1. Pick from the range 169-181 the residues that are under 19 Å from LEU159 (Cβ atoms) and assigned to a helix (DSSP H, G or I): which of them is most open to solvent (accessible area, probe 1.4 Å)?
2. Could you please tell me which pairs satisfy a Cβ distance under 7 Å, a separation of 6+ or placement on different chains, a first residue in the range 106-117 that is touching a residue at least 40 places away in the same chain (Cβ under 8 Å) and more than 25 Å from LYS59 (Cβ to Cβ), and a second residue that is basic (Lys, Arg) and open to solvent by 40 Å² or more (accessible area, probe 1.4 Å)?
3. Filter the range 182-199 for residues that are exposed (fewer than 15 other Cβ atoms within 10 Å of the Cβ) and touching a residue at least 12 places away in the same chain (Cβ under 8 Å) and give the result.
4. Name the residue, out of TYR91, TYR101, that is touching a Cys at 6+ places or on another chain (Cβ under 8 Å), at pLDDT 85 or above, open to solvent by 20 Å² or more (accessible area, probe 1.4 Å) and within 18 Å of ILE151 (Cα to Cα).
5. Starting from residues that are modelled with pLDDT of 55 or more and open to solvent by less than 50 Å² (accessible area, probe 1.4 Å), keep the ones in the range 123-142 and report whichever is farthest from ASN202 (Cα to Cα).
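The values are calculated or read from the model by the stated rules, or taken from the named source; none is laboratory data. Just so we're clear, the structure is a prediction, and the values are computed from it rather than from any experiment. Glycine gets a Cβ as well: all are built from the backbone with ideal geometry, and neighbour counts include every protein chain shown. Just so you know, the surface numbers come from the protein's heavy atoms only, side chains and all, with ligands and any DNA or RNA stripped out. Shrake-Rupley method; radii C 1.70, N 1.55, O 1.52, S 1.80 Å.
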Amino acid sequence: MKQWCCLWGFICLCLMTTAQDNPGPGQALQAGRLKKGLYRSFREFRENNPSESGDLVIKSRSTAAQIYLLASRNELVLRDAAGQEQKVKNYWGFCDGTNIYIKDNGLNRIQAFGYYCTYELQGVQPARSAYNPADMTVNAMNTPVRLKKVINIISGEILELSLYNLKKYILPQDPALLEEFRNDKAKRDKLDYYISRFNERNKPPQSGQ
């Protein structure tokens, strides 16, 4: 009997070790300290394993540059020992050791982690001109642009956080939550709530499952 107990204990220990060595998608991001560096791919982000490091800095662009040059609101640069800056190209995202930023029309901070990670794309666009009667001038009105998106931590697929995408692609994986969503008359203003609820109720499978 004692031998069987020892054997069972050994098997459990092996299973626990295997689970730790093969964490589920995205678990490495939440299990410990984020590693600072550059993600060249979605997989590097998911495994919290940036392939490159250095003096990486996010630099903001002016509103004028965003509007008239059709530029993103910021960019990532690499500084060398002499302080010279070089624009970084061809990468997926960046971690400063505290926050993670995904490259999508500029760098946007990931706000929540889970089965679906969330971030908000921000920018500005010119709107119609407005007449100022005080000095009889016409001024361009800059309009902030904000768009919420989600990243599937398993596949890397990026979707806009919308009523349609919740109903069509995300919530069908959780029939009970989908039914709650369908019957919710205030769901239009609760998109973040349903993503948060989905993440609480659903965890990515372990690697190899």
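1. TYR169
2. The qualifying pairs are TYR115/LYS203.
3. ARG182, ARG188, ASP192, listed by residue number.
4. Details: TYR91 fails: touching a Cys at 6+ places or on another chain (Cβ under 8 Å).
Unique residue meeting the criteria: TYR101.
5. Filtering first and then ranking leaves ALA127.
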